[in-house]
1. How are the alpha carbon pair distances in the chain distributed across 20 Å bins from zero to the largest one, expressed in percent?
2. Distance in nm between label sites at residue 36 and residue 321, each 7 Å beyond Cα in the beta-carbon direction?
3. Measure out, as a whole number of angstrom, how far apart the alpha-carbon centroids of the stretch 90-158 and the stretch 268-327 sit.
4. Within 10 Å of each candidate Cβ there may be at most 14 other Cβ atoms; applying that plus a DSSP loop requirement, which GluC sites (Glu not before Pro) in the stretch 33-142 survive?
5. Only Cα pairs within less than 10 Å get springs; with that Gaussian network setup on the chain, which residue of 277, 222, 39 has the largest fluctuation?
6. Do you know the relative contact order of the stretch 2-109, to the nearest whole percent, from alpha carbon pairs under 8 angstrom that are 6+ apart?
7. So which lysines can residue 300 reach, going by Cα to Cα under 29 Å and dropping same-chain residues fewer than 8 places off?
8. Most fluctuating residue of 383, 57, 99 in a GNM of the chain with Cα springs under 10 Å: which is it?
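Just so it is clear, none of the values below were taken in a lab; they were calculated from the coordinates. Owing to the predicted nature of the structure, the values given are computational and were not obtained by experimental measurement. Reconstructed Cβ throughout: ideal geometry from the backbone, glycine too, with neighbour counts over all protein chains shown.
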Amino acid sequence: MERLLRYVWKYKLYVSTSLTTTDGLPVAVIDPGIQNTGAGPDFINAKLKIGGTVWAGSVEIHEKSSDGLHHHRDSDKAYDSVILHVTGENDASICRMNGEPMPQLLLSIPEPVRKNIDWLLAREGVVPCLERIQEVDSVHLASWMDTLLGERLERKTADIYRLLDQYQEDWNEVFYIRLTRSFGFGAHSDAFEKLAQSLPLRYIQKQRASESQVEAMLFGQAGMLSEEGSCHYYRLLRREYAFLRHKFDLKPLDEPLFKSPRVRPTNSTHVKLAQLAAIWHRYDTLFSRILSASSPKEIKDYFRIRPSDYWKNHNHFRYASPEKEKTIGENTLDLLLINAVVPLFFAYGRRNHLPEYCARATRLLERIPPERNHIVTAFTRFGICVRNAGDTQSLIQLKREYCEKRRCLYCRIGFRLLKQGANPPL
């Protein structure tokens, strides 16, 4: 309840014409103040007109007036700056340290706002407001989508910064790790990142003249060369890995990390690792090429590389398959740009104070088609228009960081729905 009172006060979701103190003085809120997330009053730098006097100071909010006594606000000097004590139930008088009573306001939550809050927070669906989302004006939705995209890029940038700190600002190594992670495509992202961190790029660069040795290191580190096998190519990779493991003192990961869920054979973990090996067999360093690329097609062309001939008719070491080229498909290339290239562009621009790379990151998203997944489908079914990958990244951020965490009170869509019926109007 106290959290709701703070929310209603912050966003002025009350009938402003009926505000009075408990002793009958009219209250006009000129500025509700800035919410204080640290110690001290709930809102600071507020400006109110109480009676005929304009006051500047802090506002403290409690579910019940007596909570102020329980929290010893009357004996804490930090609360002497409080110009108004806001409460949902007036059951006590609160004074400052000198005994002077604090003006109190009994704040009632308007019934339309209360109903909307109950409706939002009591819904069982993962996206509580989905059925009413079209009630929000498209201008507000567009603004919120832009903010959500910024939040998502900032979150990914923070992940990249942590890697840069860990790897002494080595952008090539960080790009290698992020690209490898992206080949996990959600279910195996963490496992693929651990694989890259267990196998430094410089080891691959030293052996890149031999594609079989690059494959041996990737498959070996993934724990996929630990058993005996009758396949000639598999035995070759085992011998290569035994030599390279000793040379570089490698420690393979546990194989269970790479047990695939049920996916199409061409999306198997084996094929993904073979595709990665082909990329690093072709390129010594790739990040500088990506940075200078002038179009999404040019970036994708760097990844359009066929794995070694063995994989034309294999999806796994244990059995052969109908012959098919295992080049990376267009949809997968889009996902690599979204999850690896775009965040690196954005982080590179931020880290080096080069805003043109941040702009390139967002322009690149605008040129990539919308992603196809269950999150995007759920929103589009209820009328949300998605034009490109930037929009779909915004929706993913919305669902994961607000809907799933029940942060409706902090979502602009939730705010707009809550404010319906409040005074002043939208």
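1. 22, 38, 26, 13, 1
2. Here the modelled spin labels are 6.2 nm apart.
3. Result: 47 Å between the Cα centres.
4. 124
5. 39
6. Over the stretch 2-109, the number comes to 25 percent.
7. 156, 194, 206, 259, 272, 312, 324, 326, 399
8. Fluctuation is largest for 99.
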